[in-house]
Amino acid sequence: MKQLSDYLGIRPCTLVYLLLIFFSLTTFLVGQMGFSGLGMSLLVLFLALIKGQLVGSYFMGLGSVRGLWRWPVFIWLFIPGILIGMAFTLSYQ
Amino acid sequence: MTVDRSVKQSNYPPGDLAIWIFILAELAVFAIFFAAYAFTRLQHVELFNEYQLTLDREAALINTLALITSSYFVVRSVSAIKLDDRERCVHWLLAALTMGLLFLIVKTFEYVQHYSEGVNLSSNIFYMFYLSLTFFHFMHVIMGMVILAAIAVMAARGRYSRQEHTGVESGASYWHMVDLVWLILFPLVYVMR
């Protein structure tokens with residue numbers, strides 16, 4: 001992320017901000033265009049988890065922390081992410 | 001002293017450890033809420049899909065952009081204080097507070113709209129989850145804004161510096177948590193169907 005932001009000539013946090021905006025607009029458009037179904041739900045969930053990880057790593061600063069404290073946000077995203085994904089998958093069966 | 005701080009910074013998250021314990025507890029509560037929403041939806045798929053369409057997705061997008069932008073401003077305020085630029089730190093915090101206020105205004109309009117349509121907690125199970133989840137988050141936004149405002153005042157009074165800015169980092173971490181929760185809440189409640 002840092003190398004890409006260097007290449008673009010912007011701060012890493014600004015690049016993350018732009019990615020968050022882009023993913024949020026994508027999520028919104030999925031809803032507005034009436035897309036539904038398991039595939040779309042899981043795609044939107046996946047985008048949300050990516051956004052969460054970006055916030056945890058780059059905004060909260062956990063990406064530069066060593067050891068256990070690097071993982072709480074990842075674990076927090078992973079467990080509800082699995083549960084939500086499982087519930088939505090079951091709702092289509 | 002400098003060596004100790006660099007070691008501490010690389011092994012522990014930014015800010016006070018106590019705020020992180022608090023953040024993890026808050027995140028755990030929201031995780032349970034999200035899982036409860038998803039599994040309750042399993043029993044009422046049609047009802048959840050039908051009433052989800054009554055929500056104002058455009059307002060939710062504005063709120064998402066407001067929270068992401070405010071989080072970005074908070075990141076910039078932390079960067080500013082690390083450069084000993086107190087004035088800029090305060091300006092970024094005030095900008096973040098403005099975005100927080102925008103969130104509260106938009107969300108309040110949504111609640112007023114629902115109220116005028118006769119929607120309340122006992123309308124149905126979807127609205128029960130929607131109202132309680134979003135209002136619980138709404139209260140966290142208010143608390144986060146109080147924390148940011150207090151930090152802005154202390155920063156303006158010269159309480160923080162390049163050497164000591166734990167308070168700014170602690171408040172920033174809490175505010176990012178509020179943003180983080182909304183990033184899951186928005187697609188789950190407003191989009192996924």
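The values are calculated or read from the model by the stated rules, or taken from the named source; none is laboratory data. Computed from a predicted structure; not experimentally measured. FYI the Cβ positions are ideal-geometry reconstructions off the backbone, even for glycines, and counts take in every protein chain you see. Note: areas computed on protein heavy atoms with side chains; ligands, DNA, RNA excluded. Shrake-Rupley method; radii C 1.70, N 1.55, O 1.52, S 1.80 Å.
Figures for the structure shown
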quantity: Some residue of the stretch B:179-191 being open to solvent by less than 30 Å² (accessible area, probe 1.4 Å), hydroxyl-bearing (Ser, Thr, Tyr) and more than 11 Å from every other protein chain (Cβ to nearest Cβ); calculated: no
quantity: Any hit, the stretch B:91-107, residues being in contact with a Gly (Cβ under 8 Å, 6 or more places away or on another chain) and either buried (at least 20 other Cβ atoms within 10 Å of the Cβ) or of a type in the set (Ser, Thr, Tyr) (or both); calculated: yes
quantity: Test: residue in the stretch A:29-37 that is without any contact (Cβ under 8 Å) to a residue 40 or more places away in the chain and over 25 Å from B:Leu65 (Cβ atoms); calculated: no
quantity: Residue in the stretch A:27-50 that is more than 21 Å from B:Ala60 (Cα to Cα) and within 7 Å of chain B (Cβ to nearest Cβ) present; calculated: no
quantity: Count of residues meeting criterion [among the aromatic types (Phe, Trp, Tyr) and under 30 Å from B:Val45 (Cα atoms)] in the stretch A:38-70; calculated: 1
quantity: Residue under evaluation B:Tyr111, criteria (1) open to solvent by 30 Å² or more (accessible area, probe 1.4 Å); (2) under 22 Å from A:Leu25 (Cβ atoms); (3) in contact with a Phe, Trp or Tyr (Cβ under 9 Å, 6 or more places away or on another chain), criterion not met; calculated: (2)
quantity: The stretch B:129-169: number of residues that are open to solvent by 10 Å² or more (accessible area, probe 1.4 Å), closer than 24 Å to B:Ile32 by Cα and within 14 Å of chain A (Cβ to nearest Cβ); calculated: 1
quantity: The stretch A:74-93, residues that are open to solvent by less than 80 Å² (accessible area, probe 1.4 Å) and either facing chain B (nearest Cβ under 7 Å) or in contact with a strand residue (DSSP E or B) (Cβ under 6 Å, 6 or more places away or on another chain) (or both); calculated: A:Trp76, A:Pro80, A:Leu83, A:Ile84, A:Ala87, A:Phe88, A:Leu90, A:Ser91
quantity: Residue in the stretch A:46-64 that is over 23 Å from B:Arg76 (Cα atoms) and of a type in the set (Val, Ile, Thr) present; calculated: no
quantity: Count - residues of the stretch B:59-97 that are more than 8 Å from chain A (Cβ to nearest Cβ), among the polar types (S, T, N, Q) and within 26 Å of B:Phe109 (Cα to Cα); calculated: 2
quantity: Where B:Ala38 falls short, out of the listed (1) surrounded by fewer than 20 Cβ atoms within 10 Å (Cβ to Cβ); (2) of a type in the set (A, V, I, L, M); (3) closer than 30 Å to A:Gln93 by Cα; calculated: (1)
quantity: B:Ile125, sole failed condition from (1) open to solvent by less than 50 Å² (accessible area, probe 1.4 Å); (2) of a type in the set (A, V, I, L, M); (3) over 22 Å from B:Leu27 (Cα atoms); (4) away from every other protein chain (no Cβ under 14 Å); calculated: (1)
quantity: Flag if A:Leu54 is more than 7 Å from chain B (Cβ to nearest Cβ) and either open to solvent by 40 Å² or more (accessible area, probe 1.4 Å) or of a type in the set (Val, Ile, Thr) (or both); calculated: no
quantity: The stretch B:41-83 - residue that is in a loop (DSSP other than H, G, I, E, B) and not hydroxyl-bearing (Ser, Thr, Tyr) and, of those, most open to solvent (accessible area, probe 1.4 Å); calculated: B:Leu83
